[in-house]
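S.K.: My questions will all concern the structure given below.
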Amino acid sequence: MERTDLVRISPSGRIVFPGNPWPDGHAIEEFAWTGRIDPAGRLWFDLHLRSADYNTERMPEDDADEHEDKDDWSSPIVWHNYHCCTLSSTYWGEDDGTGLRAAEPGRAFLLTANQPQRLMADPLPLAQFDDVESLAFNIYLLGHDSVADQEVSFTRRADGTHDIDWQGRIALTYVSRYEFEYGFRARISGATLDFIRFPAHFSVEQARRRLAAVLDAPEEFELGLVDGQPAWVSKPTT
């Protein structure tokens, strides 16, 4: 089975940046939740999110007159200059982030659990200043900025999909501000773990064992290809 349609799905969700000009946040236009098993057998989750253009939300009434008194974070004109937000561990190719370490053999991710499953990445303070160059996720917000101190909760719904609550801290490193002064929170409803890639040198049986070692519901996936690469693909819901 070849699958190439598993990214950039339009979900139900919004992302909020507290203190920016739009307290109700911005619609999410693209979202993908995918996974990969590395050669050591660990499971990693990748997330990709793109917001709607900032200017699709109603312009705050005091925008133009007070721009000179606002910092970049609270200025609608500055936000409009950068169009929209992309927050992702997969979007930038060779410069991708590491994603979320979700499970390892002996400590599986509980996809079918009723209670929320929480994952974290890049807690603050960062150990080294240069760590902003190797974070779990990259962000384009007001330029190419940095995101850390992330917490992602996955809560299973009755239909087998998940609600995702994703939050973290932002540094405006595009303008050389390296303190994580700002925050974000995204909520996505009805997300699906679309596929889990695995190394091409794994045999089918080896790949099956590795999947069962890190996920409590391997039966919800079937063998397939994604963009020509071997993967466990989420079975269609009936």
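The values are calculated or read from the model by the stated rules, or taken from the named source; none is laboratory data. Values in this document were obtained by computation on a predicted structure and should not be read as measured data. Note that each Cβ is placed from the backbone with ideal geometry, even for glycine, and that neighbours are counted across all protein chains shown. Ligands, DNA and RNA are excluded from the accessible area calculation, which covers all protein heavy atoms including side chains. Shrake-Rupley method; radii C 1.70, N 1.55, O 1.52, S 1.80 Å.
S.K.: Go through the stretch 192-223 and count every residue that is in a helix (DSSP H, G or I), of a type in the set (A, V, I, L, M, F, W, C) and under 13 Å from residue 43 (Cβ atoms).
M.R.: 5
S.K.: Would you confirm, using the coordinates I've provided, whether residue 133 is among the acidic types (Asp, Glu), surrounded by 14 or more Cβ atoms within 10 Å (Cβ to Cβ) and over 15 Å from the mean Cα position of the chain (by Cα)?
M.R.: Criteria not met by residue 133.
S.K.: Would it be correct to say that residue 35 is open to solvent by less than 70 Å² (accessible area, probe 1.4 Å), at pLDDT below 95 and assigned to a strand (DSSP E or B)?
M.R.: Spelling it out, it is not the case that residue 35 is open to solvent by less than 70 Å² (accessible area, probe 1.4 Å), at pLDDT below 95 and assigned to a strand (DSSP E or B).
Listed here are the residues, each with its yes/no results for (1) farther than 17 Å from residue 180 by Cβ; (2) in contact with a Pro (Cβ under 7 Å, 6 or more places away or on another chain); (3) at pLDDT 95 or above; (4) surrounded by 14 or more Cβ atoms within 10 Å (Cβ to Cβ).
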position	(1), (2), (3), (4)
49	yes, no, yes, yes
68	yes, no, no, no
97	no, no, no, yes
106	yes, no, no, no
116	yes, no, yes, yes
151	no, no, yes, yes
160	yes, no, no, yes
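S.K.: Could you please let me know if residue 223 is open to solvent by less than 20 Å² (accessible area, probe 1.4 Å) and of a type in the set (A, V, I, L, M, F, W, C)?
M.R.: Judged against the criteria, residue 223 is not a match.
S.K.: Still on this structure, please answer the following. Could you grab me the full set of residues in the stretch 137-149 that are surrounded by 16 or more Cβ atoms within 10 Å (Cβ to Cβ) and in a strand (DSSP E or B)?
M.R.: 138, 139, 140, 145, 146, 147, 148, 149
S.K.: Let me ask something else. Of all residues being free of Cβ contacts under 8 Å to residues at least 60 places away in the same chain and among the small types (Gly, Ala, Ser) in the stretch 170-191, which is surrounded by the fewest Cβ atoms within 10 Å (Cβ to Cβ)? Just the residue, please.
M.R.: The extreme case among them is 176.
S.K.: Same structure again: Residue 167: touching a Lys or Arg at 6+ places or on another chain (Cβ under 7 Å) and either of a type in the set (D, E, K, R) or open to solvent by 20 Å² or more (accessible area, probe 1.4 Å) (or both), yes or no?
M.R.: yes
S.K.: In addition: Does the stretch 161-169 contain at least one residue that is outside any strand (DSSP E or B), on the phi < 0 side of the Ramachandran plot and touching a residue at least 24 places away in the same chain (Cβ under 8 Å)?
M.R.: Yes, that holds for at least one residue.
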